[in-house]
Ligand SMILES: Cc1cc2nc3c(=O)[nH]c(=O)nc-3n(C[C@H](O)[C@H](O)[C@H](O)COP(=O)(O)OP(=O)(O)OC[C@H]3O[C@@H](n4cnc5c(N)ncnc54)[C@H](O)[C@@H]3O)c2cc1C
């Protein structure tokens, strides 16, 4: 075939960068809440995250989604899921770099929020935010393993048996007896057909066995990562909804009843398997008090919510990185896109959104290290609402920076776009989380005081923040129709927190632009509407990840 044209003006592949150390906002947050040694300890992970190898794992695990095998060739039920080898490479990397249960490595009797290392949760959070930019789907089982540990401590005997595996930095795939494995993966089963948000409507029943265990009968409509070793599952006892530990393999080495009915055909998150499960006489052990299942599993959900914020900040950052890279190499109308004022406005607006999300996400992780449970309870819920809600908007805009190329699978942007709404849905969908923000404030005055104290660290630094704090106080003082205003309140609370963090820690151009737009309303309904005079060039420069 003859040469019909010369290929020009195509953007080189982004490879060899370090999304951890190379991201100024993330690296600074790591040093701020931990130290330089913590950041340095993530060097190998950062380098791998930017490598062609890891990007290939991400592509392959999504293009070859998991497959359900209900039976073996002889007709015996096996209820297994097969994954592409690239999935296991992603999982192994995450576990070996300490992104799963490792930060909790401490004696099981210790307070749940007491890590062995003073900055263990910040280290993990920064690593998670950088590494999951490669592929978001495997973040789900990594998160659930991390989050299962504090909840399981409500049953000290079970914690003693399984915590070493859950906190190990080893990944061992396959259904064998969990206490003999080098590393364990955990999952969670709450959502049933008749309702996910309202878990009190769960119909799965638990009946005591003579040996102290229970037998579960019922179903779960969503159970992700069904090849995990252990699950925390909600079921009804006469006392009410209770929390149980369900292993896939029983202590005698036989398989527990864990029937995988189907895998969900999902919008995104395609590398990860999400299943429908049925239980029939499934062996389970009680975790926590009978009838106290919701408070027990809330330990787990509080931690998975942190990861929703981390994962959403990672999604925004991954999209921004691609957008800035593209704009710095693609020319249109005689100039690089990155040098064109309106494109700079779009990129700068995205960068401000990303920096605010990152700063807040790492601050939340620092609260886990410090045992700031009041702060985490309220700020975690508000951030889960707002940062996750901002993600699809940001990703859609970043995708468009690549023009038509961004709409094509090979660019990787459609995968980010499909993933973007998920963190807002699971672990409490938008409305449920916004209402939970109200609940957290009404039930604990110390939670609101802890968040206010953090915001107040920047009081007086910027009139627009002071005015926003006044508006928030007025919203809270008005008792009328609070539920209708829950999203407004959760959003405003988060914006005040983000502004406080940026005013204290980000360069002036980022903090000032954030306050002018997100707090003072000098902004449009879409991204890329920063006011004239905004220091867009400096903001974009800061957001660019240096090439290798
Ligand atoms: C990919 C994927 C994986 C998942 N994996 C798991 C898993 O591993 N384990 C698990 O247990 N679950 C899992 N889930 C389920 C998820 O947590 C639930 O879908 C979610 O909690 C919402 O529950 P629901 O779907 O029953 O919606 P519903 O509870 O029916 O809610 C529907 C809508 O109504 C809103 N709403 C509910 N109550 C109110 C109210 N009082 N006022 C105003 N609005 C309200 C909600 O915000 C939501 O927008 C997964 C979901 C997805 C998409």
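What the table shows:
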item: Residue count, segment 410-429 (criterion: surrounded by fewer than 22 Cβ atoms within 10 Å (Cβ to Cβ) and either assigned to a helix (DSSP H, G or I) or not assigned by TED's automatic domain parsing to the domain that holds residue 331 (or both)); result: 6
item: Identity of the residue in segment 460-481, part of a loop (DSSP other than H, G, I, E, B) and modelled with pLDDT of 95 or more, that ends up farthest from the ligand (Cβ to nearest atom); result: 460
item: Looking only at segment 7-24, and only at residues there that are more than 24 Å from the chain's Cα centre (by Cα) and more than 22 Å from residue 56 (Cβ to Cβ), the one that is surrounded by the most Cβ atoms within 10 Å (Cβ to Cβ); result: 9
item: Yes/no for residue 432 being out of contact with any helix residue (DSSP H, G or I) (no Cβ under 8 Å at 6 or more places or on another chain), at pLDDT 95 or above, assigned to a helix (DSSP H, G or I) and within 16 Å of the ligand (Cβ to nearest atom); result: yes
item: Every residue from segment 207-251 that is assigned to a loop (DSSP other than H, G, I, E, B) and at positive phi; result: 212, 225
item: Selection status of residue 328, within 17 Å of residue 149 (Cα to Cα) and either within 16 Å of the ligand (Cβ to nearest atom) or surrounded by fewer than 20 Cβ atoms within 10 Å (Cβ to Cβ) (or both); result: no
item: Qualifying residue in segment 195-209 (condition: within 22 Å of residue 159 (Cβ to Cβ) and either surrounded by 18 or more Cβ atoms within 10 Å (Cβ to Cβ) or free of Cβ contacts under 8 Å to residues at least 24 places away in the same chain (or both)); result: yes
item: Exclusive hit being free of Cβ contacts under 8 Å to residues at least 40 places away in the same chain and touching a strand residue (DSSP E or B) at 6+ places or on another chain (Cβ under 7 Å), set 241, 249, 277, 257; result: 257
item: Test: residue 438 is surrounded by fewer than 21 Cβ atoms within 10 Å (Cβ to Cβ) and in contact with a helix residue (DSSP H, G or I) (Cβ under 7 Å, 6 or more places away or on another chain); result: yes
item: Residue identified as on the phi < 0 side of the Ramachandran plot, assigned to a helix (DSSP H, G or I) and surrounded by fewer than 21 Cβ atoms within 10 Å (Cβ to Cβ) among 321, 315, 393, 358; result: 393
item: Test set (1) touching a residue at least 60 places away in the same chain (Cβ under 8 Å); (2) surrounded by fewer than 22 Cβ atoms within 10 Å (Cβ to Cβ) - residue 407 fails condition number; result: (1)
item: Residue in segment 25-33 that is in a loop (DSSP other than H, G, I, E, B) and within 21 Å of the chain's Cα centre (by Cα) present; result: no
item: Close pairs from segment 165-193: first not assigned by TED's automatic domain parsing to the domain that holds residue 247, partner more than 10 Å from the ligand (Cβ to nearest atom), Cβ under 8 Å, at least 6 apart; result: none
item: Test: residue in segment 196-205 that is more than 16 Å from the ligand (Cβ to nearest atom) and at pLDDT 95 or above; result: yes
item: Check on residue 226, closer than 24 Å to residue 167 by Cβ and within 13 Å of the ligand (Cβ to nearest atom); result: yes
item: Of the criteria (1) surrounded by fewer than 18 Cβ atoms within 10 Å (Cβ to Cβ); (2) under 24 Å from residue 425 (Cβ atoms); (3) out of contact with any strand residue (DSSP E or B) (no Cβ under 8 Å at 6 or more places or on another chain), which one residue 150 fails; result: (1)
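The values are calculated or read from the model by the stated rules, or taken from the named source; none is laboratory data. Quick caveat, the model's predicted, so the values are computed rather than measured. Heads up, the Cβs are rebuilt from the backbone with ideal geometry, glycines too, and the neighbour counts pull from every protein chain shown.
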